[in-house]
Amino acid sequence: MQVFIGQRRQGEAGRRVIPPLVAALALLGGREAHALDCQISVTGVAFGTYDPVIAVPTDSTGNVRVRCVHLGGGAVRANYTVDLSAGSSNSYAQRQMRSGTAVLNYNLYNSATRTQIWGNGIGGSVRVSNSLLVNPGNYVENVADHPIYGRIPAQQAVDTGMYSDTILVTMTF
């Protein structure tokens, strides 16, 4: 399976205050300026050889790594979501890998129990949401791993071939 990576960046700056309001707002307190750079890296799910005769599903794993670097200011909690696209099937109900016109059903899950399909929160899927405490100190790395649990259902009558699908991974923070 090929994986493309999408990311969005966020920077948060402190409030700007109009001079006559400084005294009134000083009682309310202010926020420090925070700067973050968050990125993702993905290890795709590689199922290897599928045997349609075997009566158990074929499982494999991949990983989405979220990495945030603190660029300045105090500690900040980075709340984020990671979405996986439906791939070529355009449906989370059953993703499909293709080899020419031949189709091999599979899906991607957010836990080892493989009960919740990892998607974008619609069409029966769930999105992965988490937060990462990004500690102070310039250029300190903070990392969180999110395993991708893949499964090909057993005993599918498929042609021999190289099957693949492309999943877009999007992190929003």
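The values are calculated or read from the model by the stated rules, or taken from the named source; none is laboratory data. Quick caveat, the model's predicted, so the values are computed rather than measured. For neighbour counting, all protein chains shown are included, and Cβ atoms are generated from backbone atoms with ideal geometry for every residue, glycine included.
Some notes on this structure:
Yes/no matrix, rows are residues, columns are (1) among the β-branched types (Val, Ile, Thr); (2) under 13 Å from ILE167 (Cβ atoms):
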{"position": "VAL66", "(1), (2)": "yes, no"}
{"position": "GLY74", "(1), (2)": "no, no"}
{"position": "ARG77", "(1), (2)": "no, no"}
{"position": "TYR80", "(1), (2)": "no, no"}
{"position": "ASP83", "(1), (2)": "no, yes"}
{"position": "ASN105", "(1), (2)": "no, no"}
{"position": "SER125", "(1), (2)": "no, yes"}
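- Boolean, ARG151 is in a strand (DSSP E or B), more than 14 Å from the chain's Cα centre (by Cα), in contact (Cβ under 8 Å) with a residue 40 or more places away in the chain and closer than 30 Å to ALA55 by Cα: yes
- In the set (1) outside any strand (DSSP E or B); (2) surrounded by fewer than 19 Cβ atoms within 10 Å (Cβ to Cβ), TYR92 fails one condition alone, (2).
- Test: residue in the stretch 129-140 that is over 19 Å from ILE40 (Cα atoms), surrounded by 13 or more Cβ atoms within 10 Å (Cβ to Cβ) and at pLDDT below 95: yes
- Restricting attention to the stretch 95-128, the residues being outside any strand (DSSP E or B), under 17 Å from THR58 (Cβ atoms) and not polar (S, T, N, Q) number 2.
- Any pair with Cβ under 8 angstrom, 6 or more apart, that starts in the stretch 113-134 at a residue that is farther than 27 Å from GLY74 by Cβ and ends at one that is of a type in the set (S, T, N, Q) and not in a loop (DSSP other than H, G, I, E, B): ARG114/ASN107; ILE117/ASN107; ASN120/THR170; ARG127/THR81
- Residue pairs whose Cβ atoms lie under 9 Å apart, sitting 6 or more positions apart in sequence or on different chains, and linking a residue in the stretch 40-57 that is within 16 Å of LEU108 (Cβ to Cβ) to a partner that is basic (Lys, Arg) and outside any strand (DSSP E or B), are PRO57/ARG114.
- Selection status of GLY74, of a type outside the set (Lys, Arg), in contact (Cβ under 8 Å) with a residue 60 or more places away in the chain, closer than 30 Å to ALA35 by Cα and in a loop (DSSP other than H, G, I, E, B): yes
- The condition of being of a type outside the set (D, E, K, R), over 30 Å from ASP37 (Cβ atoms) and touching a Gly at 6+ places or on another chain (Cβ under 9 Å) holds for only one of SER85, SER91, SER125, that being SER91.
Okay, residues lined up against (1) touching a strand residue (DSSP E or B) at 6+ places or on another chain (Cβ under 7 Å); (2) not hydrophobic (A, V, I, L, M, F, W, C):
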| position | (1), (2) |
| --- | --- |
| TYR92 | yes, yes |
| ASN105 | yes, yes |
| GLY121 | no, yes |
| SER131 | yes, yes |
| ALA144 | yes, no |
| PRO153 | yes, yes |
| MET171 | yes, no |
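- Flag if ILE40 is part of a loop (DSSP other than H, G, I, E, B) and modelled with pLDDT of 75 or more: no
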